[in-house]
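The values are calculated or read from the model by the stated rules, or taken from the named source; none is laboratory data. Keep in mind that what you see is a predicted model, and the values were worked out from it rather than measured. Here the Cβ is made from the backbone with ideal geometry for all residues, glycine too, and neighbour counts use every protein chain on show.
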């Protein structure tokens, strides 16, 4: 595998590639449980990990990292499929978007983050 192929295999999918699948992910119980766990734990995550990324698979926190890509790589290396985990940005704005159906764009200090 070339370095480019390896990077593509472990990087988050491009936003335009992932959007059509999002509607179906909301029907996946593992994905929904992952979303719920992220939001349930968000108040505690904010105390220690604000402005970092958190990954959840079901109720399990896979990890906390400075980049979304690092967590995608960690989840994919465990053999998880993209619809089996959530990588969310830990920020106070995420508290306002707890409903599973709200796929929103958040702008934080000029940076754009896409919520799963």
### Query
Can you tell which of 71, 80 is surrounded by 15 or more Cβ atoms within 10 Å (Cβ to Cβ), without any contact (Cβ under 8 Å) to a residue 40 or more places away in the chain and assigned to a helix (DSSP H, G or I)?
71
### Summary
Of the residues in the range 46-65, those that are touching a strand residue (DSSP E or B) at 6+ places or on another chain (Cβ under 7 Å) and within 20 Å of residue 80 (Cβ to Cβ) come to 52, 53, 54, 55, 56, 61, 62, 63, 64, 65
### Task
Kindly provide the set of residues from the range 83-106 that are modelled with pLDDT under 90 and either under 13 Å from residue 37 (Cα atoms) or surrounded by 13 or more Cβ atoms within 10 Å (Cβ to Cβ) (or both), ordered by number.
83, 93, 94, 95, 97, 98, 99, 100, 103, 106
### Message
Within the range 5-16, does at least one residue satisfy the condition of being surrounded by 15 or more Cβ atoms within 10 Å (Cβ to Cβ), modelled with pLDDT under 70 and assigned to a helix (DSSP H, G or I)?
### Response
yes
## Note on the structure
Of those in the range 26-47 that are more than 14 Å from the chain's Cα centre (by Cα) and not in a helix (DSSP H, G or I), the residue modelled with the lowest pLDDT is 27
